[in-house]
1. How many angstrom lie between the C-alpha centres of segment 245-294 and segment 110-172?
2. Could you run the Karplus curve 6.51 cos²θ - 1.76 cosθ + 1.60 with θ = phi - 60° over segment 45-57 and give me ³J(HN,Hα) per residue in whole Hz, x for Gly and Pro?
3. How would you rank 229-239, 293-303, 178-188, 162-172, highest first, on the average number of other Cβ atoms within 10 Å across their residues?
4. For segment 206-306, which GluC sites (Glu not before Pro) are both in a DSSP coil and crowded by at most 14 other Cβ atoms within 10 Å?
5. Give the ranking of Phe100, Phe111 by solvent-accessible surface, highest area first, calculated with a 1.4 Å probe.
6. Pull up all non-local amide H partners of Asp236: gap of 5 or more, or a different chain, and H-to-H distance under 5 Å with H placed in the peptide plane.
7. Could you run the Karplus curve 6.51 cos²θ - 1.76 cosθ + 1.60 with θ = phi - 60° over segment 220-232 and give me ³J(HN,Hα) per residue in whole Hz, x for Gly and Pro?
8. Counting Lys +1, Arg +1, Asp -1, Glu -1, what net charge surrounds Asp236 among other residues with beta carbon under 15 Å of its beta carbon?
Amino acid sequence: MSQPAIRPWLAVARCSSKSTNISRIFARHQSTEQNNKPLETPEDWHAFRERRAEQRLLFKFFEPYGSTQNADNTFKLGNALHKPQAHATVSALLAAGAHFGHASTRMNPNFVPYAYGTRSGITIIDLDHTLPLLRRTANLVRAVARAGGIVVFIGTRPDLRPVVTKASERLGKQGFYVGERWLPGTLSNRRQFFGESVVDKTRMIPDLAIILNPLQNVIAINECAAENIPTVGIIDSNVDPRLVMYPIPANDENTRTAELIAGVLSIAGREGVALHEQDKLAELKKRDKVSRQKTSRYISNKTYDT
């Protein structure tokens, strides 16, 4: 018995293999607006191309009135460290996990006003309170930097070291950071730490301290309070908000949350530094103008006397 008789479908497939390949090349499966049927005839291809041309014209006409967001200028969580947002939003805080607190049994009683509720035994932080407090703190950092103040970022966990490093770099000469353990007495006993001459010649007291993990830096907070330095801190549900002067209720154990908050505050500080430079330039121009007016007045008086 011959092989085609045993397997008739194989013989048919071999005979029609060339025509099948040609039909596959011609009848490409393209999605259309009406249905998902393949384009089999030239008329189908012509109608499909006309619809595509009409869509391009519509897109081109409405493009100036649409959104300007694209893949380059859209915020991504991976950009929180190197390209942070200038203005935080509730959606960004939610995506960063800022709403997750500790177990409800560990919630501090003074944190109740900032708690949205509990779910599965976990305290949910109310981001409607977090956002305005973050914006208030950003305005504070901008004002301090504009006045020429020094801002120090403190984050003593290993995952927070690059965060405080990048944040302080955005402020230039007005930004400092502490990425290792805070040594007790850094501020209160600074003359023994750094020496008399260094303390007398160098500005040692910062004007604002931003602490990303305040529960592990209570000593630093106490020293700042003794030196009348305002403090900003990310306060989780197990921390007393009265620990710092400007609390920001959020998840203090999430690196993305710290990156987002530190990025917003550091960009506000960078804006304040730029405004400080503009104010200095305006003051120099004003002084130069006053000196020129005095010089011209003096010359005119001399000419009148002669």
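The values are calculated or read from the model by the stated rules, or taken from the named source; none is laboratory data. Quick caveat: nothing in here was measured; it's all calculated off a predicted structure. Note: ideal-geometry Cβ built from the backbone for every residue, glycine included; neighbour counts use all protein chains shown. Protein only, heavy atoms only, side chains kept; ligands, DNA and RNA dropped before computing areas. Shrake-Rupley method; radii C 1.70, N 1.55, O 1.52, S 1.80 Å.
1. 16
2. Working through the residues one at a time gives 5, 5, 5, 5, 5, 5, 5, 4, 5, 5, 5, 4, 5 Hz.
3. So the order, starting with the most tightly packed, is 229-239, 162-172, 178-188, 293-303.
4. Here the sparse-neighbourhood loop sites are Glu227.
5. Phe100, Phe111
6. HN-HN under 5 Å from Asp236: Ala250, Asp252.
7. The phi angles translate into 5, 5, 5, 5, 5, 5, 5, 9, 6, 9, x, 10, 10 Hz.
8. Local net charge: 0.
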